[in-house]
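Q: What follows is a structure written as structure tokens; I'll ask about it next.
The values are calculated or read from the model by the stated rules, or taken from the named source; none is laboratory data. All of these numbers come straight from a predicted model, not from anything done at the bench. Heads up, the Cβs are rebuilt from the backbone with ideal geometry, glycines too, and the neighbour counts pull from every protein chain shown.
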There are 2 protein chains.
Amino acid sequence: MNILLTLDRNYILPARVLLASLCINNPGEQFDVYIAADGFTDGDHENLRRLLAHFHARYHTVTIDESWFSGAPTLRYYSRAMYYRLLAGRMLPEHLHRILYLDPDMLVTGKIRPLYETDMGENLYAACIHRGIVDLSTPVNRIRLSTYETEGYFNSGMLLMNLARIRSLVFPQVIFDYVKENRALLVLPDQDVLNGLYGRHILALDEQRFNYDARKYREYLLSSSGEHDRNWVMENTVILHFCGRKKPWHSGYRGRFSMLYRHYMQLTDRYD
Amino acid sequence: MNILLTLDRNYILPARVLLASLCINNPGEQFDVYIAADGFTDGDHENLRRLLAHFHARYHTVTIDESWFSGAPTLRYYSRAMYYRLLAGRMLPEHLHRILYLDPDMLVTGKIRPLYETDMGENLYAACIHRGIVDLSTPVNRIRLSTYETEGYFNSGMLLMNLARIRSLVFPQVIFDYVKENRALLVLPDQDVLNGLYGRHILALDEQRFNYDARKYREYLLSSSGEHDRNWVMENTVILHFCGRKKPWHSGYRGRFSMLYRHYMQLTDRYD
């Protein structure tokens, strides 16, 4: 299975935890991990390569061609790297037909193959709509990016990509033009672009299985009439997503899944 | 490293979780696992053997010789298997000098080698005294088994065994005689015998690192002035022990470490 991460040096620690959790939870699987890295040293690459070698996973660096960004507007506070996941069709080798993009602030706790083998039909992406807290802002999102036609607002942290379709339908210049036209409205640029331009071509997957917002335990529990308790999450959730500013690798973090994350931090350090 | 488990069929599920957690948390280590099993079918043996093979760990069955028990008194509610860990010196191959006995209701969350390589001196065993709740009952324990000389009451769930010394000092008939003489006083027979007969020859190890009573999170936290919080446990504890009647593999269990245990239950099933 092909996995894509895009990250800068500040995210190496969580990326290691994510990759270790992916491999430990998926015994017998062969992973090809593609990293589109920003500002990595040789040591950084070697660090991730060595970790993956423990699990017989292959490490590939994705070469970023400066010329792709000649038409790209720069946004305040955002680096060029925000475009990387949207440019996957361009960046990745032609022989790849499918890849799973993951944000580094995630923890894999289950089997990834059923997700990876999702029948995507003609869709460009498969992703999860974050309901609940996020639903409150949906009317705003709808006005902001005119996504009336879609059912909600997709979180861009987990994206299963249909690369063949993406190569024929997603063009960098269209993305750059969209960003230029909407720059005043963009709040989370990569996610806003994804929804604004491609929302109608995204297959919606179950967020509580494949992109579980770790902040929303109580809401998921209540909306399931108490069924989706901690045991349910441990049995059904494949990807936990530590959304928001508070991150589980920070010392003050007090979320419900902090113990599990901390355990994997320790465990990851032992695979070195 | 040599690991000993003694169990009957009812404990196969937690034993699998324990062994998977041991191996996953100790990458690069080679384990030789000895199982003194009661009433196992061929399928049960194969089940554990297959699990261990995933981690390149070796599975050994320990043959129990009926004749060893000819002088053994039987106690109401207790099977012969309660003697197994006390008879380790007799049961295990002569070439083994050291072994780590573990109760099946444990979860390994850290590196086991520093524990395994403890300098035991002339001691027979290294184990942990369960203080806190258990300290309240220490005066009773002391009267019960006249262990005034020792510092406390050792929990028999984790026993690092100095097999060479045990072979020369621990004799089955002495154990059986002790049980006969004290049968009215024995509450937890194997543990009582261990403390009553051998308490002075046990090296005390840090219970919060090597035999952490999962029921006692609040007490450990309070007695450490708040230092031993969940992060401390994830960074320092090597063995979590789910003592008591409520077990984390039961559906109603609601302990603080239930999520971690449930995660390992799921994970263990994937190594099959």
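Q: Return the residues of segment A:168-188 that are in a helix (DSSP H, G or I) and touching an Asp or Glu at 6+ places or on another chain (Cβ under 8 Å); say none if nothing qualifies.
A: Here is the first cut: in segment A:168-188, the ones in a helix (DSSP H, G or I) are A:168-169, A:172-182.
If the condition is that a residue be in a helix (DSSP H, G or I) and touching an Asp or Glu at 6+ places or on another chain (Cβ under 8 Å), then A:Asn182 is the only one that fits.
Q: Take the residues in segment A:1-25 that are polar (S, T, N, Q) and buried (at least 23 other Cβ atoms within 10 Å of the Cβ), then tell me which one is modelled with the highest pLDDT. Walk me through how you get there before you give the answer.
A: In the first step, residues of segment A:1-25 are kept if they are polar (S, T, N, Q); the result is A:2, A:6, A:10, A:21, A:25.
From what's left, buried (at least 23 other Cβ atoms within 10 Å of the Cβ): A:6, A:21.
Numbers: A:Thr6: 94, A:Ser21: 98.
Top of the filtered list is A:Ser21.
Q: Please determine, by comparing only the residues of segment B:58-87 that are closer than 30 Å to B:Cys23 by Cα and assigned to a helix (DSSP H, G or I), which one is farthest from the chain's Cα centre (by Cα).
A: The qualifying residue farthest from the chain's Cα centre (by Cα) is B:Arg80.
Q: Looking only at segment A:20-38, count how many residues are under 16 Å from the mean Cα position of the chain (by Cα), under 24 Å from A:His263 (Cα atoms) and free of Cβ contacts under 8 Å to residues at least 60 places away in the same chain.
A: Qualifying residue count for the region: 1.
Q: Quick test of your reading of the structure: A:Met106 fulfils all but one of (1) surrounded by fewer than 23 Cβ atoms within 10 Å (Cβ to Cβ); (2) within 13 Å of the chain's Cα centre (by Cα). Name the failing condition by number.
A: Of everything listed in (1) surrounded by fewer than 23 Cβ atoms within 10 Å (Cβ to Cβ); (2) within 13 Å of the chain's Cα centre (by Cα), A:Met106 misses just condition (1).
Q: What is the one condition in (1) part of a loop (DSSP other than H, G, I, E, B); (2) at pLDDT below 90 that B:Thr118 does not satisfy?
A: (2)
Q: Could I ask something else about it? Mind listing whichever residues of segment A:37-72 are modelled with pLDDT under 95 and among the small types (Gly, Ala, Ser)?
A: The answer is A:Ala37, A:Gly39, A:Ser67, A:Ser70, A:Gly71, A:Ala72.
Q: Moving on to the next point. In segment B:199-230, which residues are without any contact (Cβ under 8 Å) to a residue 60 or more places away in the chain, surrounded by fewer than 16 Cβ atoms within 10 Å (Cβ to Cβ) and under 22 Å from B:Leu159 (Cβ atoms)?
A: Correct list: B:Arg200 only.
Q: Moving on to the next point. Please work out if A:Tyr261 is modelled with pLDDT of 95 or more and either aromatic (Phe, Trp, Tyr) or out of contact with any Leu (no Cβ under 9 Å at 6 or more places or on another chain) (or both). Before the answer, list the steps.
A: On the way: modelled with pLDDT of 95 or more: yes; either aromatic (Phe, Trp, Tyr) or out of contact with any Leu (no Cβ under 9 Å at 6 or more places or on another chain) (or both): yes.
It is true that A:Tyr261 is modelled with pLDDT of 95 or more and either aromatic (Phe, Trp, Tyr) or out of contact with any Leu (no Cβ under 9 Å at 6 or more places or on another chain) (or both).
Q: Shifting gears a bit: Write out, first by first residue and then by second, each pair whose Cβ atoms fall under 7 Å of each other, whose residues are 6+ apart or on separate chains, and whose first residue, in segment B:100-124, is within 14 Å of chain A (Cβ to nearest Cβ) and within 14 Å of B:Asn2 (Cα to Cα) while the second is part of a loop (DSSP other than H, G, I, E, B) and of a type in the set (Asp, Glu).
A: The qualifying pairs are B:Arg113/B:Glu29.
Q: Further, regarding this structure: Being at the interface with chain A (Cβ under 10 Å from one of its Cβ atoms), touching a residue at least 12 places away in the same chain (Cβ under 8 Å) and among the basic types (Lys, Arg) is the filter here; which residues of segment B:231-272 pass it?
A: If the condition is that a residue be at the interface with chain A (Cβ under 10 Å from one of its Cβ atoms), touching a residue at least 12 places away in the same chain (Cβ under 8 Å) and among the basic types (Lys, Arg), then B:Arg256, B:Arg262 are the ones that fit.
Q: Got at least one residue in segment B:20-28 being among the polar types (S, T, N, Q) and part of a loop (DSSP other than H, G, I, E, B)?
A: Checked against the condition, which is being among the polar types (S, T, N, Q) and part of a loop (DSSP other than H, G, I, E, B), segment B:20-28 yields at least one hit.
Q: Would you mention how many residues in segment B:39-90 are within 14 Å of chain A (Cβ to nearest Cβ) and in contact (Cβ under 8 Å) with a residue 40 or more places away in the chain?
A: 4
Q: Given the criteria part of a strand (DSSP E or B), under 20 Å from the mean Cα position of the chain (by Cα), under 30 Å from A:Met265 (Cα atoms) and away from chain A (no Cβ under 14 Å), does B:Ile3 qualify? Give the steps one after another, and end with the answer.
A: Working: part of a strand (DSSP E or B): yes; under 20 Å from the mean Cα position of the chain (by Cα): yes; under 30 Å from A:Met265 (Cα atoms): yes; away from chain A (no Cβ under 14 Å): yes.
Criteria met by B:Ile3.
Q: Please count how many residues of segment B:209-230 are within 14 Å of chain A (Cβ to nearest Cβ) and in a helix (DSSP H, G or I).
A: Taking segment B:209-230 and keeping what is within 14 Å of chain A (Cβ to nearest Cβ), we get B:209, B:212, B:214, B:217, B:221, B:226-230.
Checking which are in a helix (DSSP H, G or I) leaves us with B:209, B:214, B:217, B:221, B:230.
Count: 5.
Q: To continue, here is another question. Which ones in segment A:88-103 are part of a loop (DSSP other than H, G, I, E, B) and buried (at least 23 other Cβ atoms within 10 Å of the Cβ)? Show your work before the answer.
A: Within segment A:88-103, the first condition is being part of a loop (DSSP other than H, G, I, E, B), and the residues that meet it are A:92-97, A:103.
Hit for segment A:88-103 is A:Asp103, nothing else.
Q: Considering only segment B:40-57, state which residues are surrounded by 14 or more Cβ atoms within 10 Å (Cβ to Cβ) and not in a helix (DSSP H, G or I). Break it down stepwise before answering.
A: Going residue by residue through segment B:40-57, those that are surrounded by 14 or more Cβ atoms within 10 Å (Cβ to Cβ) are B:40, B:44-45, B:47-49, B:51-52, B:54-55, B:57.
Passing the criteria: B:Phe40, B:Phe55, B:Ala57.
Q: Same structure, new question: With the requirement that a residue be touching a strand residue (DSSP E or B) at 6+ places or on another chain (Cβ under 9 Å) and outside any helix (DSSP H, G or I), what does segment A:231-272 give you?
A: A:Thr237, A:Val238, A:Ile239, A:Leu240, A:His241, A:Phe242, A:Cys243, A:Gly244, A:Pro248, A:Phe257
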